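The values are calculated or read from the model by the stated rules, or taken from the named source; none is laboratory data. Quick caveat: nothing in here was measured; it's all calculated off a predicted structure. Cβ coordinates were reconstructed from backbone atoms using ideal geometry, including for glycine residues, and neighbour counts include every protein chain displayed. Each accessible area value is taken on the protein alone, full model and side chains, heavy atoms only, with ligands, DNA and RNA left out. Shrake-Rupley method; radii C 1.70, N 1.55, O 1.52, S 1.80 Å.
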Amino acid sequence: MTDTAPSPALTAPIRELAQRLSGTDEILLLWHPATEQVELSVLDQATGAGFHIEVAPTNAIDSFYHPYAYAVSHENSYRMERDERTIIDG
């Protein structure tokens, strides 16, 4: 008989490292112990809009206090280039 129980590492709960409100934005810093990844989550409670991005553990606190700076660095580079050309070309 094979043991089919999931590994404890795969069932480890996500841990909230930090939480804050800035205006209507809720910012969460989450740690996924099974994969050792840090996630930044931003939710505008007024509109329901938000995003989740993975951040390097060494940037966790900085991303927590400056979430939109990190969101820009994770955007699709094609879209960023297109937006920059639009501004330059008028």
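Collect the residues in region 50-72 that are open to solvent by less than 30 Å² (accessible area, probe 1.4 Å) and outside any strand (DSSP E or B), keeping them in residue-number order. Explain how you work it out, then say what you get.
Initial filter on region 50-72 (open to solvent by less than 30 Å² (accessible area, probe 1.4 Å)): 53, 55, 60, 63-64, 67, 71.
Result: ALA60, SER63, PHE64, PRO67, ALA71.
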Neighbours by Cβ (under 9 Å, 6+ apart or cross-chain): first from region 38-59, closer than 18 Å to ILE14 by Cα and among the β-branched types (Val, Ile, Thr); second in a strand (DSSP E or B) and open to solvent by 90 Å² or more (accessible area, probe 1.4 Å): VAL38/LEU17; VAL38/GLU54; VAL42/HIS52
Selection count where residues are surrounded by 12 or more Cβ atoms within 10 Å (Cβ to Cβ) and on the phi > 0 side of the Ramachandran plot, scope region 16-49: 0
Breaking point among (1) at pLDDT below 95; (2) of a type outside the set (A, V, I, L, M); (3) in a strand (DSSP E or B), for THR47: (3)
Failed criterion for GLU16 (all others in (1) modelled with pLDDT of 95 or more; (2) assigned to a loop (DSSP other than H, G, I, E, B); (3) not hydrophobic (A, V, I, L, M, F, W, C) hold): (2)
